[in-house]
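Engineer: This is the structure I want to talk about, given as structure tokens.
What follows is calculated from the coordinates using simple rules that are stated; it is not laboratory data. The model shown is predicted, which means the values in this text are computed figures rather than measured ones. We place every Cβ from the backbone using ideal geometry, glycine too, and count neighbours over all the protein chains shown.
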Amino acid sequence: MPLENQAGFLYFVFMHITRKLIISITTLFLFLLLIGCSNGSKDFVSLRQDGEKALGSGDYDGALEILRQAYHMNPSDRDILFYLGTVFRKLEQNDSSVAYFKRARILYPKDRDINRELLGVCRMTNDYDGAIRAIASLIATGDNEQTFWPMLAELYYMKKDVQGSLRYYKLLLEENPGEKNYYIQTSGIMAQLGQFQDANQILQKAIDKFGANPESYANMAINFLSLKDIAKGEEFFRKSLEIGPGNIPIWINLANVLSEQKDIVKRREALAIYKKYQKQTPEAFGVDSLIDVLEKEIGRQ
């Protein structure tokens, strides 16, 4: 074969082999890529299982490391989010726990286990709105709202929604008329809202049902004073002291009421009370100053 033809033939063979080699390498690369993707999916399932096992055995640090790897592979997986929230709760990192449970609830809003866990950690972190939303989800998915009334009354009060808290305390009082504490809570919140007459009506109902006590009478006295009814305020402070004569703060409150009146007899009684309990009264009450002022005023009458 002429040299020229030999060179052409060799070039043809070289290119044919090169093309086959390129095709083989490309095929091998695609095969390895498919194998890699398949193993990645398998690895995620394995990581999730290993993380669950570590969590169940109490190896929280180990579980956290494993679950974080799985989370980066699939950040929307329900179980991974739930396990991470649980791990952080076990590690007492409640803010992180809330974050993962909240993400889980966004993706799986009707999941009752997620909402139950979220309710617990939100209460621990004083996330009152988060706790209320978790309760709403649990009610929407089948729980009886009435079982949550005590918790809702407390949560609304803690988030400074006093009106919302009162709504649930009224429901509790209506359903549980034999529970003394609900009378106290309801009347106290009414007083905070300036509903002094309503508050006293609730306290009187409690007295009629459970009997008189110094605290109820003292609270009624304060409510009467808020209504500018000085005579009733004095009357109910005295009623309180008839039952609990050892309550020094109530004696000082009575003296304050007496000292504000024009009747010289009552002002002298106030002075006598101040002097009697002067040494036993905390400095914050300012009894020493009250005595000085009252003695001067009585001396001018």
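Engineer: Mind checking which of L138, L290, L254 has the largest fluctuation in a GNM of the chain, springs on alpha carbons under 10 Å?
Structural biologist: L290
Engineer: Could you check the spin-label model distance between K276 and I298? Points 7 Å from the Cα along Cα→Cβ, value in nm.
Structural biologist: Spacing of the two 7 Å Cα→Cβ label points: 1.3 nm.
Engineer: Per-residue counts of other Cβ atoms within 10 Å, averaged by peptide: what ranking do you get for 139-145, 95-101, 79-85, highest first? Could you put the intermediate results ahead of the total?
Structural biologist: Numbers: 139-145: 12.4, 95-101: 20.7, 79-85: 23.4.
Put in order of decreasing packing, that is 79-85, 95-101, 139-145.
Engineer: Go through K275/K296; K205/K239; K239/K262 and tell me which ones have a Cα-Cα distance over 19 Å in this structure. Spell out each step's value before the answer.
Structural biologist: Details: K275/K296 14 Å; K205/K239 16 Å; K239/K262 22 Å.
Over 19 Å apart, Cα to Cα: K239/K262.
Engineer: How high is the relative contact order of segment 87-165, given as a whole-number percent (alpha carbon pairs under 8 Å, six or more residues apart)?
Structural biologist: On the way: 71 pairs, mean separation 16.9, N = 79.
Relative CO of segment 87-165 lands at 21 percent.
Engineer: Here's another thing I want to ask about it. Under a Cβ-Cβ cut-off of 12 Å, what is the net charge of the residues other than I66 that fall near it, where Lys and Arg count +1 and Asp and Glu count -1?
Structural biologist: Details: positive: R48, K53, R68; negative: D43, D50, E52, D59, D61, E65.
Its environment carries a net charge of -3.
Engineer: Could you name the aspartates and glutamates in cross-link range of K180, using Cα to Cα under 14 Å and dropping any fewer than eight places away on the same chain?
Structural biologist: Those aspartates and glutamates meeting the cut-off are D208, E215.
Engineer: Return the sequence-ordered ³J(HN,Hα) values of segment 131-138 in whole Hz as given by the Karplus equation 6.51 cos²θ - 1.76 cosθ + 1.60 applied to θ = phi - 60°, using x for Gly and Pro.
Structural biologist: Residue by residue, segment 131-138 yields 5, 5, 5, 5, 4, 4, 5, 5 Hz.
Engineer: I've got another one for you. Express in whole angstrom the spacing between the alpha-carbon centres of segment 96-154 and segment 51-84.
Structural biologist: Comparing the Cα centres of segment 96-154 and segment 51-84, I get a distance of 21 Å.
Engineer: Could I ask something else about it? I want to check the label-to-label distance for S289 and I139. Put each point 7 Å from Cα in the C-beta direction and report it in nm to one decimal.
Structural biologist: 4.8
Engineer: On to the next question. If I model a spin label as a point 7 Å beyond the Cα along the Cα-Cβ vector, how far apart are those points for L107 and R68 in nm?
Structural biologist: 1.8
Engineer: Another question about this same structure. Per DSSP H run of n ≥ 4, the term is -39500 (n - 2.57); total these for the chain, divide by its residue number, and report the mean residue ellipticity at 222 nm rounded to 500 deg cm²/dmol. Show your work: numbers first, answer last.
Structural biologist: Working: 15 runs with 240 residues, N = 301.
That calculation yields -26500 deg cm²/dmol at 222 nm.
Engineer: Another question, if that's okay. Under a cut-off of 17 Å between alpha-carbon atoms, report the lysines in cross-link reach of K276, not counting same-chain residues fewer than 8 places apart.
Structural biologist: Output for K276: K266.
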